[in-house]
Amino acid sequence: MTDLSRFPITRKWPARHPDRIQLYSLPTPNGVKVSIMLEETGLAYEPHRVAFDINDQASPEFLSLNPNGKIPAILDPDGPEGRPLALFESGAILIYLADKAKQFIAPDLARRYETIQWLMFQMAGIGPMFGQLGFFNKFAGKDHEDKRPRDRYAAESRRLLGVLDRRLADRAWIMGDAYTIADVVTFPWVRNLIGFYEAGELVGIADFCARHPGPRGLCRPSRSHEGSGHSTADGSTVNRAVPTAGKRPWHGYRSGPTRMWTSPQVHSMTDAAAAVPTTNP
C-alpha cells in the first residue's frame, strides 16, 4: 500500500484510499474544475472537503501542500516515475491530469499549445473578473454605494464573455468538435456567473444564451439530484466514482461531456447541505 504519511496534509485529512489521487477542494467554480476532470477521465480519487468557514485553507497542513492557501490541490500517489506528486493551481492540475489520462488535450503540439492558451485565458481573465463581479454584485461589495467598481467588473466580464461568444460562433466547443480542458475550466465559471453570482443581466447573458442554446447546458435550470459521495467523520467524502466499466455517478443524466454542467459530480466534494458559499474561489 502507498505510504503518504510523509505529507503533513494527510494528518488533517487521512487517506482512506492512499492508492487513489487525493483531492482537497470545495464546490466553487475553481474547485469543481478538478472534480469534473477526474470524473470525466475516470481516474480514481478520494475527495476531501476544505471548509472555508473554519479556515481549513489557512491550516498548516493545507499550507504544506499549497503555500498560497487556495483550493484545489491534489496529491497523486502514482506521479511521474511512480513517485507521489503534490500539485496546486487548477490549470496546472488539469494539464497534469490530461497528460496522465491521455484525454482532453491534443497530442499534436500546435493544438496542445492552443488549448493551453485558452485555458490561460480563463485563468487570467474569466476567473478573476467574474469573481470580482460576483463580490460586488452579491457579496459584501453589493453594499457599496459607489457602483463604479461593480460596473467596471461588469464591463470587463461582458467583454470577456464576448471573446468567448465569438470563439464559439462556429464551433461546438472552444477547440472545435473536441471537448478539452479549456472547456472544463471555462464553463463552470460562466454557469456560476449566471446562477450563484446572479450577474447574468449585467453581462447580457440572454444574448449569449440565445446564440448558444446547445449542448453546454449553461442556460438550462439545474436538475435536482443527490450527491455522489458520502460524508465521513472528518468532513471528507469517499467517492463512489471508482472507474467501473465506464460508469459514472451521474448515469441517467445527459450523455457525453454536456452532462457535466448540471450533473451530480459538481457536489461530489461534500453533501449539498454542507456546501459553504464563498467569495474566495
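A short reminder: the numbers here are calculations on the coordinates, not readings from a lab. Given the structure is predicted, the values throughout are model-derived calculations rather than measurements. Methodologically, a virtual Cβ is constructed for each residue, glycine included, from the backbone with ideal geometry; neighbour enumeration extends over all protein chains shown.
Before moving on, here are some points about what is shown:
- 10 Å binning of all Cα-Cα separations within the stretch 109-211, expressed as whole percents from 0 upward: 15, 47, 28, 9, 1
- Per-residue ³J(HN,Hα) for the stretch 23-39, Karplus 6.51 cos²θ - 1.76 cosθ + 1.60, θ = phi - 60°, Hz, x for Gly and Pro: 10, 10, 6, 7, x, 9, x, 6, x, 6, 3, 6, 5, 4, 4, 5, 5
- Estimated FRET transfer efficiency (Ile54, Asp170; beta-carbon r; R0 41 Å; 0.05): 0.30
- Karplus 3J(HN,Hα) series, Hz, for the stretch 147-153 with 6.51 cos²θ - 1.76 cosθ + 1.60 (x for Gly, Pro): 8, 4, x, 4, 5, 5, 6
- Here the calculated FRET efficiency for Arg112 and Cys209, from their Cβ-Cβ distance with R0 = 25 Å, stands at 0.25, rounded to the nearest 0.05.
- Phi angles of the stretch 65-72 translate, via the Karplus equation with coefficients 6.51, -1.76, 1.60 and θ = phi - 60°, into HN-Hα couplings of 9, 10, x, 7, x, 10, 8, x Hz per residue; Gly and Pro are given as x.
- Between Asp78 and His17, residue separation times 0.36 nm minus the direct Cα-Cα distance comes to 20.7 nm.
- When peptides 33-39, 134-140 are ranked by their average number of other Cβ atoms within 10 Å per residue, the highest-first order is 33-39, 134-140.
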